[in-house]
1. Residues that are surrounded by fewer than 22 Cβ atoms within 10 Å (Cβ to Cβ), closer than 30 Å to residue 18 by Cα and not assigned by TED's automatic domain parsing to the domain that holds residue 40: does segment 152-166 have at least one?
2. Filter segment 82-110 for residues that are closer than 14 Å to residue 48 by Cα and surrounded by fewer than 15 Cβ atoms within 10 Å (Cβ to Cβ) and give the result.
3. Working only within segment 48-70, note down all residues that are touching a helix residue (DSSP H, G or I) at 6+ places or on another chain (Cβ under 6 Å) and surrounded by 19 or more Cβ atoms within 10 Å (Cβ to Cβ).
4. Could you grab me the full set of residues in segment 71-81 that are buried (at least 16 other Cβ atoms within 10 Å of the Cβ) and closer than 21 Å to residue 39 by Cα?
């Protein structure tokens, strides 16, 4: 469930209230006339179940509320309310599956900015992976995968492609390109430094590395794993299952592949550098493609859900008592 806060110009306030009142997924509606000062207007709050949130936000934007007012939404971690249970039962679909497009765009859009923190994380992750490659240590490889921040721009790229947002596509590509190039240059330099200190050597790269040589030997399974990781990653973002994202981050070899490119280049082992570069491109492309296809399927699915709900005859809601449950409808579940 989302808590929605709207500042509406006085002349649009009644339209906003009518819109929210008419939606069965909205409850706990509060209107404070003239309470807002900057921007000036009426302050309206409500709770909306996730399966109705996207449609409500879209209709508010169709009214142009954001031009002279404001729209904000926050997650509600706990709601103890019979009215909220009825709203969840009345709204079509399930909240766990719902996609709030503005929320996803805002969340992934933040990941497209080429910040110092992003660069530091991807550089550190690639340097860790470079040491893991030379030592043939999967633990270091996994640690580098978790530290790497590259999934954010990849997810933003998928969302931007679906929503046809060239500026966001450009920023995502810039973050990925500059980030990986900076990380590989730093890893080349660190490899030379560690070699000069006698801590690592070229013979370690050329030795048998049964635990990590898959990084520079791409095959058909590399593409399959990348696709599956992209699907799981996008679902984890859209369904609020953030815990699943950790599994995605350690299932694809983007940062380790970039590290292997850098280490192999530092020692002039170009065939291994080329194989690692191909592995990197395969995984990046597969994740973006899978994320885009996942979003397309989710959008089509929710369009079907909305059409079915539109054809259904709405039943009168009575907030004075529990809603009746028919055999054809799912029972009320805990909101939040």
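The values are calculated or read from the model by the stated rules, or taken from the named source; none is laboratory data. As the structure is a computational prediction, the values presented were derived from the model and not from experiment. Don't worry about glycine lacking a Cβ; one is built from the backbone with ideal geometry, like all the others, and counts go over all protein chains shown.
1. For segment 152-166, residues surrounded by fewer than 22 Cβ atoms within 10 Å (Cβ to Cβ), closer than 30 Å to residue 18 by Cα and not assigned by TED's automatic domain parsing to the domain that holds residue 40: present.
2. 96 - this is the single residue of segment 82-110 that is closer than 14 Å to residue 48 by Cα and surrounded by fewer than 15 Cβ atoms within 10 Å (Cβ to Cβ).
3. Scanning segment 48-70 gives 48, 49, 50, 51, 54, 57.
4. Within segment 71-81, 71, 73 qualify.
This table checks each residue for (1) farther than 20 Å from residue 122 by Cβ; (2) modelled with pLDDT of 85 or more.
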{"position": "186", "(1), (2)": "no, yes"}
{"position": "190", "(1), (2)": "no, yes"}
{"position": "199", "(1), (2)": "yes, yes"}
{"position": "204", "(1), (2)": "yes, yes"}
{"position": "217", "(1), (2)": "yes, yes"}
{"position": "241", "(1), (2)": "yes, no"}
{"position": "252", "(1), (2)": "no, no"}
{"position": "263", "(1), (2)": "no, yes"}
{"position": "270", "(1), (2)": "yes, yes"}
